[in-house]
Amino acid sequence: MRSAARIARRHFLGDTSLGIGGAALAALLGQENALAANEPIVGSPATGSSPSSQRGSLAGLPHFAPRAKHVIYLFQNGAPTHVDLFDYKPKLSEMHGKPVPEEYFAGKRFSTMTGSPQGKVMLAPVEPFAQRGASGAWVSDFLPHTAAIADELCFIKSLHSDAVNHAPAISLLLSGAQIPGRPTLGAWLSYGLGTESESLPAFVVMTSVSKGTTCGQIFYDFYWGSGFLPSRFQGVKFRGSSDPVLYLRNPEGINSEIRRGQLDDLARLNALKLAESGDPEISTRIAQYEMAFRMQASVPELTDLRQESAETLDLYGPQVREPGTFAYHCLMARRLIERGVRSVQVMHAGWDQHNSLTTELYTQCKDTDQPSAALVLDLKRRGLLQDTLVIWGGEFGRTPFIQGNLNERARWGRDHHPYAFTAWLAGGGVRPGISYGESDDLGMNVARDPVHVHDLQATILYLMGVDHERLTFKFQGRQFRLTDVHGQVVQPILA
Amino acid sequence: MLQRRLMVGLALLAVLSSGRFAAAAEEGGSELRFARDVQPILSEFCFQCHGPDAKAREGNLRLDRAEDALRRDDPVIVPGNAAGSALIERVVSQDDERRMPPPSSKRRPTPAQIETLRRWIDQGARWGGHWAFEPIGVSGTPVVNDSRLARHPLDHYLIARLEQHGSRMADPASGSAWLRRVALDLTGLPPEYELLVDFQQPELPDAGERAADRLLASPAYGERMVWEWLDAARYADSNGYQGDAERTMWPWRDWAIGAFNRDLPFDQFSIWQLAGDLLPESTHEQKLATGFCRNHMINGEGGRIAAENRVDYVMDMTETAGTVWLGLTLNCCRCHDHKFDPLSQREYYQLAAFFNNQPVDGGGGDPQTRPVLEAASPEQLRQRDELDGRLTAARQALDKFEQQRFPREDGQTAADSAAAAELPAEIREILKNAGSQRNRGQLEKLEKQFAADNTHTALLQAIRSAGEARDAVSRSIPRVMIMEELPDPRENFILYKGLYDKPAEKVGIRVPEQLARYDAEWPSNRLGLARWLFAAEQPLTARVIVNRFWSQLFGAGIVKTTEDFGVQGDRPEHPELLDRLAHDFRTDWDVKRLMRALVLSGAYRQSSRATPELLERDPENRMLARGPRGRMPSWMLRDQALAVSGLLTRRMGGPPVRPYQPNGIWEEATFGNKRYEQDHGESLYRRSAYTFWRRIIAPSVFFDSGSRQTCTVKQARTNTPLHALLTLNDTTYVEAARALAWSTSDLHDPRERLRQLFLRTLIRDPRPEEIDILLAARDRLARQFSAEPASADALLAVGEFKNGPVADPIGATSWIALCNTILNLDEVLCKE
C-alpha cells in the first residue's frame, strides 16, 4: 500500500515543483478577507474552557426567581388513556354499552378511525379506581405505585390539545407547533438558561418502548430538535444501551493532556474558518468538540451504577438493571439532573391502545408505573425534588367511548382524544396533592379550568423562571416563541 | 466513452443554447395556472394579513381559500372581470390609503405580477388544486438585470428571485473549492491528483466541464450515487426483526451501482426495478433489478402468521414506491382516508393490488424467500458446469460397472439380476434405480453393502463427492429475491384498519387517476404501473426525482420535504425552476446530464461564505444567495478519510464487508445471537457502500444514516458531541491519520509536509496562521510523546495498517496526532 501512496504523492510533489501546486492553487483560492461571525461564540479555546454561551444564560434570564432548575419530562408517547388511569368517571360505568350522547361530541373532529362518534358506545374503566392518600386523588389500580405517591403529585385533568394524530400532537406539545421545525422545550431552556453542567449536554433524551408492544411508533428527532435555534441546543440522544455514548475512549496512546492540546488546536483553526466562512454551524462544532471532551470523563462516571445502593435500585424495580428500559432511564434521569443537566426527556412509546386496553396496557403500566413513582421518591429523599420539575403525560387522551366491539373484550380499545386528558406534575414549585381542572361527567370535554398545551408550556417555563412571552428568537422576520401567540400560566397550581 | 461524452456535451449545448427552453416557454406561456402562477403572488403579498392566521387577519378577508376569496357578498375578485375586481383596483391604486399591500409593508408586486393577476381574473379566476398534482408547466426563462453570474438558464430563475428581494448571487468559489465540492458530490471522494492537474491546465479551456465529465465517468460516481438509492430501497444485508437472518441481495446493489455508472436512463432504471420481470423477453439483469421490491424486511419470528407477513410486505412495497416515485406518504391510508392528501383508503388498496399479485407467501424467515434469481459469477458457473460434467461421468461409469456386476436382460434392472438375488431387500430396492437416480443416503447404504469391493465403492464414492462439490458451489451462488407475476391474479380487498384478516370491500387494480390517466394499452400489472409513473402527463415523478438529486448537491431540496409532495409537505421554494428542471429532465431521464448541468450552474459554483446579513435574511439559504455548505454524511466522511490516507481500496462489488466496529454492539442488540466478526486486510478499506448492513443494528460508524428498515429519502444533518467522539476516536479515523502521516513521512521540511497534508485533504495550501498553529502543535506533541514513549508505541499500533520501519517514533507519532487533528477540522468534515 505504501508504494502506491508514495507514487501518488511523488506525482503531487513532482508536479508541484513544476508550479502547478502552490502558485496555481494560491491563485485559485483568493478570498482572504475575514468576516466577523454574527454572534460571539467561541469563549477562549486556548484554555480549553467551554464556549460561554453554551454555559451561560441569555442576558436578563431568568426573568424572575425560578422555582425549578431542572425539568424531567417523562413523556408517554402514544397517549395514555386518562379515563382508565386518572380521570374517574362513575357515569362511564353507568353508561357502559350505551351510545355516546350527541351533545358531548357535536362539532368535534375525531381521528378518521373513529370518524363520527355517532352510534359508538361508552366503555367503563377497565380497572377499578380508588381515592389515594390524604389528598384523595383518584388513581386506578393500573398504577399502584403512582397511587402510593398521589400526595406528591399535582394532577391536571383539563388538558386539551389541537391535534388528533401522534406526531403533530407530540410536536405541538414539545415545540408549540404541529408542523415539525420549531425548537423544542429542552432546546428553548438550553438556549435561554444555559446549563449548569460543564461536562454533560444541557438537554439529554432517552427513548424506550415496552417489550412485545405492537405499537410501531417512531421517535422522530424533531421531538428534541432545535428548529431554527443554533443546532448546539438540540437534545443529545443517548443510546439505549450500557454504552449510551460510543467512542468515548481516546485512542491508545493519546492521553487526556494530548487530547486537550489537540482540541485547543482544533478550536483555534476552526475559529479561523468561522471568521472566514461565517457559518454558525462551525461555532456549534467547536462547542460540541469541547463537550465531547468533557463527556469522556463524565459519561463513564454517569453510567457507573455501582455507586447506587441495592435499595435504590430496587426502588425503581427489576428492569432498572437492564440498560435501555424506562426504569433504567428514570434512574439515569436522576443522575443526569444531579450532575447539572437542565432538561431530560425520557420518552416511552406504546401507549396507543386502539385495541389493547385489556392486554398491552397492563405491560405498559407495569413498565412505567414503578419507575416513575420511584423517580419522584428518590428525588425527594435526596432533596432534589424542590429544584426539579417532573412531568408525566402524553400528547392527548383516549376516547371515553369504545373503539372495537363491546363483545370482544380482548380487543377493547380507545381512539385518540385531544379534548380532555390528564398529566401530572411533581416538585419544582408545583403544589403537591392537588387536582386541577375537570372534565365533564364522561371525561369527554373540559368542564372547568381548561389547560391548553400552550398553557402547560407557559407554566413549565414560568416554573423555570422564564416568561414565555419574552423568551423569543427572531427567525425570518418574526419573533418566535414556544407558546406561539398563546399560553397562560396556570397560577393555581403554583406552590 | 468519447461518444457518450460527446452526447452529453451536445445535449448540454442544446440546453445552453436555450432553444429548447425558449420553445418550451412559448408552449406554456399562454395559459395561467393557479398553483404555479397565481398562488405564489397571493401568498407573497396578501396572506400575511389575509391568510390562514385568524389572529393576524385584517378586514375579515381571507385570500387563501376559494370560498372566501371568491365570496359573492362584498366581492373582492369578480371572475372574468379584472377591471371590476376590488383586488386589482386596490393593488394598482395610487392612493396610499387604499393601496395593497400597504406602503408600510414595503412590498410591491412587479408590473408583471399584477398583469398575471389581471389575466388570471379575466380568464375566470379558476382556483386550482394542490400544486404538485398540477401538470408540470414551463414558464419562460426569467429576465434578469445582471446575468453575469449565470452559467445556465436555471440560474436565471434564482437570480430573478434574488433581484426581486434586492439581493444577488455570491461570487464563485475558488476553483479548488469548487473542485473539492464537486468531486465529493459526484464521487463521494476528494478529487484525485490527476484531476487536479488537468483542472489547472491553463492552456485548456472549460476546466470545469472537463472535470465534471471525468468525475461523471469515474466508477466512483455509481458508488456515490447509490447511497441515497440504498436508503430509499431499504437495502440491507439481513432481514430485520428477531433473528435478523443474513440475506444475499448484494448482487442487486452492484447492479444499481453499475446502472448509475452507465447512466441507464432513469425511466428504464425505475421500470426495471418495479417490473423488469414483466418486460418482453426480460433479461437476467432486468429480473435482477426487481430485487428493489424485495428489499423489504422479512419477519421470521416464530408464530407469525404467513398471511399477515405477506400483507405487510405488499404494503411496504406499495409505500416504498409511493415515496420514491410519487413523493407521497401513503402509510396512513392503510387504515383510513388520508387526512391531507386526496388519496382514499380505497385507492391505497387499489394501488397495493399492483404489488399483491406475486407469489411471495410470507412464510418463514428464509432470507431467500422465493422467487429468487441465482446471481452466479462466471467462475461459479464454470465450476458448476464442470462439476455437473464430473457427476454425469461418474454416474455413467457406475451404470456401466453395474451392468457387468449384475448381468440382466434388456429392460430389467440390476435388482432383477441373479447376482443380486442374495442381497438384502432394501439394497435390491435401491438397485431398481439406475445410478443417476440414487440419492445420497442410498449411495451411502450401497457403499456399506459393497465395502469389500473396492472398485464398486470407488465408483459410488465418486458420485457422492462430485455431487457434494457441486452442491457446495450451488450453495455459494447468491440468490437474490426478485419479483414474479402470478398467472392467476389474487383478489384484492380493502383491509379494515389494515388488518390482514379483516378484508372488507373487494377492489380492482388501479392507480389514482386524478394524478395522471392510465393508458388503456398498458397491462394491469406492475409494468403498467411503472409506465404510468413515467407517463407524459404524470406530474409527480419528474419533480420528485429532480428535487432529490438537487438536494443531494445543494443540501436541501427546492421542496424541502423531499419525502412529501402532498398537501402537508412544503411548497417549492422556486416552483418555476423545479418545473423547468423536471420538464427538461424527463425529455431523456438522463441523470448524468442533469447532474452535470447542476454542478456547472452558477448557483452551485457560488462561494458558500455567509455574511451576518445573509444569515439573518435567509438562515437556511433557501434563496441560494450563497453556495451550499454542510457536514458531509458520515459514510462520505469515512470514504474521504480512507482516500486521503491512501488506504482506500477501489475494488468494486461483491459480498458485504465488516470493517472496524466497537466490540459488543451486535451482541448487545441481539442478546448474543449475532457476533461481529471483523474482517481484515483489504476488506477494512472498501467503499462504505459495501459495508455489511445489519438491519436491526446499523453500522455504528454511519451515525446519521437512514435506518434501512423502511424507505427513507431524507437525510438528517445533526451536529452533536457524539459525532466528534467518533471522528476523533474511532479506529477507522485514527488509522487513517496514521496512514496519512506515514505517506508524507519522507518530507523532512515540516512546512512542506503540512502543505502536502492540506493539499490532500482540502485541495488548498495552508495559510500562514494555520501553519503557525500546526507547527507549534507538532513541537508540543513531540514533547508530550517524549515524556511517554510507551504512548507513542501504542498510537503507532492502532489499526491494522502496516507501515515500514520508523526511525523516530516520537516524531512519527506527533505527526499522527497532528493528522488526527487535521482530519477533524471543520473544513475537512464539510463540503463547502
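If you take the residues in region B:579-623 that are charged (D, E, K, R), within 14 Å of another protein chain (Cβ to nearest Cβ) and in a loop (DSSP other than H, G, I, E, B), which one is surrounded by the most Cβ atoms within 10 Å (Cβ to Cβ)? Before you say what the answer is, go through the steps one by one.
Taking region B:579-623 and keeping what is charged (D, E, K, R), we get B:579-580, B:584, B:586, B:588, B:590, B:592-593, B:596, B:605, B:609, B:613, B:616-618, B:620, B:622.
Next, from what is left, pick out any that are within 14 Å of another protein chain (Cβ to nearest Cβ): B:605, B:609, B:613, B:616-618, B:620, B:622.
Narrowing the set further to residues that are in a loop (DSSP other than H, G, I, E, B) leaves B:609, B:618, B:620, B:622.
On the way: B:R609: 21, B:D618: 18, B:E620: 14, B:R622: 16.
In this case the residue turns out to be B:R609.
From the list B:E246, B:E203, which one is surrounded by fewer than 22 Cβ atoms within 10 Å (Cβ to Cβ), among the acidic types (D, E) and within 30 Å of B:N295 (Cα to Cα)?
Values: B:E203 fails: within 30 Å of B:N295 (Cα to Cα).
B:E246 is the lone residue from the list that is surrounded by fewer than 22 Cβ atoms within 10 Å (Cβ to Cβ), among the acidic types (D, E) and within 30 Å of B:N295 (Cα to Cα).
Determine whether region B:222-233 contains at least one residue that is in contact with a helix residue (DSSP H, G or I) (Cβ under 9 Å, 6 or more places away or on another chain), surrounded by fewer than 21 Cβ atoms within 10 Å (Cβ to Cβ), assigned to a helix (DSSP H, G or I) and within 14 Å of chain A (Cβ to nearest Cβ).
Looking for residues that are in contact with a helix residue (DSSP H, G or I) (Cβ under 9 Å, 6 or more places away or on another chain), surrounded by fewer than 21 Cβ atoms within 10 Å (Cβ to Cβ), assigned to a helix (DSSP H, G or I) and within 14 Å of chain A (Cβ to nearest Cβ), one finds none in region B:222-233, hence no.
Find the residue count for region A:251-265, including only residues that are in contact (Cβ under 8 Å) with a residue 40 or more places away in the chain and within 9 Å of chain B (Cβ to nearest Cβ).
Residues meeting the conditions: 2.
Would you call B:E827 modelled with pLDDT of 95 or more, out of contact with any Gly (no Cβ under 9 Å at 6 or more places or on another chain) and at negative phi?
Numbers: modelled with pLDDT of 95 or more: yes; out of contact with any Gly (no Cβ under 9 Å at 6 or more places or on another chain): yes; at negative phi: yes.
Here the answer is yes, as B:E827 does meet what is asked.
Taking region B:629-659, which residues are assigned to a loop (DSSP other than H, G, I, E, B) and within 11 Å of chain A (Cβ to nearest Cβ)?
Start the filter on region B:629-659 by keeping residues that are assigned to a loop (DSSP other than H, G, I, E, B), which leaves B:629, B:632-633, B:645-656, B:658-659.
B:R629, B:S645, B:G646, B:L647, B:L648, B:T649, B:R650, listed by residue number.
Could you list, in sequence order, all residues of region B:807-832 that are in contact (Cβ under 8 Å) with a residue 12 or more places away in the chain and more than 9 Å from every other protein chain (Cβ to nearest Cβ)?
Selection gives B:P809, B:I810, B:G811, B:A812, B:S814, B:W815, B:C819, B:L823, B:V828, B:K831.
Conditions: (1) touching an Asp or Glu at 6+ places or on another chain (Cβ under 9 Å); (2) touching a residue at least 24 places away in the same chain (Cβ under 8 Å); (3) at the interface with chain A (Cβ under 9 Å from one of its Cβ atoms). B:A716 meets all but one. Number of the miss?
Result: B:A716 fails condition (2) only.
Quick check on my filter: what residues within region A:277-293 are more than 7 Å from chain B (Cβ to nearest Cβ) and more than 14 Å from B:L825 (Cα to Cα)? Let's see the steps before the verdict.
Filtering region A:277-293 for residues more than 7 Å from chain B (Cβ to nearest Cβ) gives A:283, A:286-287, A:290, A:293.
Passing the criteria: only A:F293.
Just a yes or no: is a residue in region B:446-461 in contact with a Ser or Thr (Cβ under 6 Å, 6 or more places away or on another chain) and over 30 Å from B:F401 (Cβ atoms)?
no
For region A:302-386, please list each of the helices (runs of 4 or more DSSP H) lying entirely inside it that holds at least 1 residues being among the acidic types (D, E) and within 17 Å of A:H82 (Cα to Cα).
Output list reads A:360-381.
Hey, among the residues in region A:463-474 that are closer than 18 Å to A:L174 by Cβ and in contact (Cβ under 8 Å) with a residue 40 or more places away in the chain, which one's farthest from the other protein chains (Cβ to nearest Cβ)? Quick ask: steps written out before the conclusion?
Here is the first cut: in region A:463-474, the ones closer than 18 Å to A:L174 by Cβ are A:463-464, A:466, A:468, A:471-473.
Remaining after also requiring in contact (Cβ under 8 Å) with a residue 40 or more places away in the chain: A:463-464, A:466, A:471, A:473.
On the way: A:L463: 26, A:M464: 23, A:V466: 23, A:L471: 19, A:F473: 11 Å.
The extreme case among them is A:L463.
Got at least one residue in region A:119-133 being at pLDDT below 85 and away from chain B (no Cβ under 14 Å)? Walk me through how you get there before you give the answer.
Just the residues of region A:119-133 that are at pLDDT below 85, to begin with: A:119.
Adding the requirement that they be away from chain B (no Cβ under 14 Å) leaves A:119.
Yes: one or more hits.
Checking the condition surrounded by 20 or more Cβ atoms within 10 Å (Cβ to Cβ) and either touching a residue at least 12 places away in the same chain (Cβ under 8 Å) or at positive phi (or both), which residue from A:L200, A:L269, A:L248 passes?
On inspection, the qualifying residue turns out to be A:L200.
Filter region A:348-386 down to the residues that are polar (S, T, N, Q), closer than 26 Å to A:T312 by Cβ and crowded, with 24+ Cβ neighbours inside 10 Å and list them by number. First the steps, then the outcome.
Taking region A:348-386 as the starting set, the residues that turn out to be polar (S, T, N, Q) are A:353, A:355-356, A:358-359, A:363-364, A:368, A:370, A:372, A:386.
Retained after the next criterion (residues that are closer than 26 Å to A:T312 by Cβ): A:363-364, A:368, A:370, A:372, A:386.
A:Q364, A:T368, A:Q370, A:S372, listed by residue number.
To keep it simple, each residue is scored yes or no on (1) over 25 Å from B:E228 (Cα atoms); (2) surrounded by fewer than 18 Cβ atoms within 10 Å (Cβ to Cβ).
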{"site": "B:R651", "(1), (2)": "no, yes"}
{"site": "B:R695", "(1), (2)": "no, no"}
{"site": "B:N729", "(1), (2)": "yes, no"}
{"site": "B:E735", "(1), (2)": "yes, no"}
{"site": "B:L747", "(1), (2)": "yes, yes"}
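Is it the case, given these coordinates, that B:A741 is crowded, with 22+ Cβ neighbours inside 10 Å, farther than 19 Å from A:A267 by Cβ and either at the interface with chain A (Cβ under 7 Å from one of its Cβ atoms) or among the small types (G, A, S) (or both)? First the steps, then the outcome.
On the way: crowded, with 22+ Cβ neighbours inside 10 Å: yes; farther than 19 Å from A:A267 by Cβ: yes; either at the interface with chain A (Cβ under 7 Å from one of its Cβ atoms) or among the small types (G, A, S) (or both): yes.
Yes; evaluated as a whole, the condition is true for this residue.
Whether any residue in region B:675-697 is within 11 Å of chain A (Cβ to nearest Cβ) and under 24 Å from B:F292 (Cα atoms) is what I want to check.
Checked against the condition, which is being within 11 Å of chain A (Cβ to nearest Cβ) and under 24 Å from B:F292 (Cα atoms), region B:675-697 yields at least one hit.
What about B:R626, is it more than 11 Å from chain A (Cβ to nearest Cβ), more than 24 Å from B:G706 (Cα to Cα) and charged (D, E, K, R)?
Details: more than 11 Å from chain A (Cβ to nearest Cβ): no; more than 24 Å from B:G706 (Cα to Cα): yes; charged (D, E, K, R): yes.
No, not satisfied.
Of the numbered conditions (1) in contact with a helix residue (DSSP H, G or I) (Cβ under 7 Å, 6 or more places away or on another chain); (2) farther than 25 Å from A:S439 by Cα; (3) touching a residue at least 60 places away in the same chain (Cβ under 8 Å), A:C154 satisfies every one except a single condition; which is it?
With (1) in contact with a helix residue (DSSP H, G or I) (Cβ under 7 Å, 6 or more places away or on another chain); (2) farther than 25 Å from A:S439 by Cα; (3) touching a residue at least 60 places away in the same chain (Cβ under 8 Å) applied to A:C154, the lone miss is (2).
For every residue, the table says whether it meets (1) within 30 Å of A:V320 (Cα to Cα); (2) outside any helix (DSSP H, G or I).
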| position | (1), (2) |
| --- | --- |
| A:C154 | yes, yes |
| A:P168 | no, no |
| A:L173 | yes, no |
| A:I179 | no, yes |
| A:P183 | no, yes |
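Take the residues of region A:481-495 that are in contact (Cβ under 8 Å) with a residue 60 or more places away in the chain and buried (at least 18 other Cβ atoms within 10 Å of the Cβ): which is farthest from the other protein chains (Cβ to nearest Cβ)?
The selected residue is A:I493.
Can B:L775 be described as farther than 30 Å from B:P628 by Cα, more than 8 Å from every other protein chain (Cβ to nearest Cβ) and touching a Leu at 6+ places or on another chain (Cβ under 9 Å)? Quick ask: steps written out before the conclusion?
On the way: farther than 30 Å from B:P628 by Cα: yes; more than 8 Å from every other protein chain (Cβ to nearest Cβ): yes; touching a Leu at 6+ places or on another chain (Cβ under 9 Å): yes.
For B:L775, the condition - farther than 30 Å from B:P628 by Cα, more than 8 Å from every other protein chain (Cβ to nearest Cβ) and touching a Leu at 6+ places or on another chain (Cβ under 9 Å) - is met.
B:R753 passes all but one of (1) more than 10 Å from chain A (Cβ to nearest Cβ); (2) within 28 Å of A:R285 (Cα to Cα); (3) surrounded by fewer than 17 Cβ atoms within 10 Å (Cβ to Cβ); which number fails?
(3)
Out of A:F105, A:F142, A:F110, report the one residue that is at pLDDT 95 or above and assigned by TED's automatic domain parsing to the domain that holds A:G393. Show your work before the answer.
Details: A:F105 fails: at pLDDT 95 or above; A:F110 fails: at pLDDT 95 or above.
None of the other options fit; the residue is A:F142.
Output the number of the condition that A:R239 fails; it satisfies all remaining conditions of (1) farther than 30 Å from B:A173 by Cα; (2) out of contact with any Gly (no Cβ under 6 Å at 6 or more places or on another chain); (3) buried (at least 19 other Cβ atoms within 10 Å of the Cβ).
(3)
The values are calculated or read from the model by the stated rules, or taken from the named source; none is laboratory data. None of these values were measured; they are calculated from a predicted model. Please note: Cβ atoms are built from the backbone with ideal geometry, for glycine as well, and neighbour counts cover all protein chains shown.
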